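Trainee: Sharing a structure with you now.
The values are calculated or read from the model by the stated rules, or taken from the named source; none is laboratory data. This is a predicted model, so every value here is computed, not measured. Positions of Cβ are generated from backbone atoms using ideal geometry, with glycine treated the same way; all protein chains shown enter the neighbour counts. Areas reflect the complete protein model, heavy atoms only, side chains present, ligands, DNA and RNA absent. Shrake-Rupley method; radii C 1.70, N 1.55, O 1.52, S 1.80 Å.
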Amino acid sequence: MPPLSLMFKTVSTDCNLDCSYCYYRQSLEGSRVRRRIERPMLENLIPQYMAYVADVRAARFAWQGGEPTLAGLEFFRWLTDLQERHASPGTSIHNALQTNAVLIDAEWAEFLASHRFLVGVSVDGPEEIHDALRKDRGGHGSFRRMMAGLDALRRAGVDCNILCVVGPHNVGRPRELMRFFRREQIGYVQFIPAMDFQATEPNARPRYLVSPEEYGRFLAELFEEWYEQGKPRISIRIFDNFLQSYVGVPNDACVHGEYCDGGLIVEYNGDVYPCDFYIAPAWKLGNIFEESLASMAASPACRAFVGRKQPLPAACQICEYRQQCKGGCPRNRLSLEDGSQSPDYFCASYKQLFRYADERLGAMGDRIARRLRYEEKLELVTADRKAAPGRNAPCLCGSGRKHKACCGDPALANSYVFSQQ
């Protein structure tokens, strides 16, 4: 079977915050109510899933909400035991948890570290910015509670990423955001534009909280802060994803990939959907109590969703940046009177970024490709027990430059882009 990732809506829409831009604020019944994922459903699904991924030996779970920590630490202890009991020998289990971190304490952090969870923490910037829209239902800001949770995670050695929503509260302040994340020694940040729509109403026209022009300026200024002479030290996912396209490898973000194949979404009650922007009856693939996971993953409805990005809107098909952008997200297209579709609402934003950064992104892509050649040749040299090239010798990548000024540049070791190749 091909690889398959599962995202669980652990407590459905239930959350201990009430962020004004949350696209999942409303439940299927129209209001937030208390829900918890059903253990019998997982006892049914986990064995099926582990059998499904037995050949690839990689199981990938993402736990979201609402706020997934509302399910309780005892639930996650039970869950990881269930995963381990049903995993085939040699299967690596990857768990990712997206949280507002308000409930995270030392006990939570120790557990997440011991099971090697990747934890995404929602942080919109320094306190004044973060608390503008990320409040609880009493209207109180969440920054200090979030930071206490984030600090507990870092003390325990948990691998943490940051999710930052770009809205009216911070779209004009990218440099301030970057200063904050650097000061907090944050290494990985994902920025996503705020969109006020309901996942349960995918046919309703969304309301965007930032304009394409605002988001385009944000991306351009963010790139300038991130670039650092081609040796960035902070991973920003959208730039990493675009670099993948420049290098010519498949993009791991569905927004800028060829297909809508980000994995399956499992609701708290076992309902399965192809995307968390489409939690609606029309896109329901089935329920785990009624159909097998394998049959839903291979169903005509799922295949149709995976391919729904194609054909690209006419403007995308002739766009000079098509190979980098790949048409964006179908959820951000509008249906036109002639039956065609508009490009992604943020099309102008991406074009603004590419016009500003295309040459430098392309140069970074070339350097990554050279670095890969360098690593391959260095491995061969080492295997033959030959000495690595000296500082003034020609670089193994074939650039024609001296080793010390190319792949042997010590500054490259400080950039995550090249140190991880």
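Trainee: Across region 136-165, which residue is surrounded by the most Cβ atoms within 10 Å (Cβ to Cβ) among those that are of a type in the set (Lys, Arg) and at pLDDT 95 or above?
Mentor: Step by step, filter region 136-165, then rank; the result is Arg145.
Trainee: List every residue pair whose Cβ atoms lie under 6 Å apart, where the two residues are 6 or more positions apart in sequence or sit on different chains, the first residue falls within region 144-156 and is farther than 17 Å from Val189 by Cβ, and the second residue, located anywhere, is charged (D, E, K, R) and assigned to a helix (DSSP H, G or I).
Mentor: Ala156/Glu110
Trainee: If you go through region 126-172 one residue at a time, how many are assigned to a loop (DSSP other than H, G, I, E, B) and within 23 Å of the chain's Cα centre (by Cα)?
Mentor: 11
Trainee: Residues that are among the hydroxyl-bearing types (Ser, Thr, Tyr): list the strands (runs of 3 or more DSSP E) wholly contained in region 174-283 that include at least 1 such residues.
Mentor: In region 174-283, the matching strands (runs of 3 or more DSSP E) lie at 188-193, 271-273.
Trainee: Could you count how many residues in region 348-379 are among the small types (Gly, Ala, Ser), at pLDDT 90 or above and within 21 Å of Ser399 (Cβ to Cβ)?
Mentor: 3
Trainee: Then there is this: Out of the residues in region 362-413 that are charged (D, E, K, R) and under 21 Å from Gly248 (Cα atoms), which is most open to solvent (accessible area, probe 1.4 Å)?
Mentor: The residue in question is Glu376.
Trainee: Residues Arg322, Arg333, Arg371: which one is in contact with a Cys (Cβ under 8 Å, 6 or more places away or on another chain) and either without any contact (Cβ under 8 Å) to a residue 40 or more places away in the chain or small (Gly, Ala, Ser) (or both)?
Mentor: After ruling out the rest, the residue left standing is Arg322.
Trainee: Go through region 325-354 residue by residue and tally those that are part of a helix (DSSP H, G or I) and open to solvent by 30 Å² or more (accessible area, probe 1.4 Å).
Mentor: Going through region 325-354 one residue at a time, the tally reaches 4.
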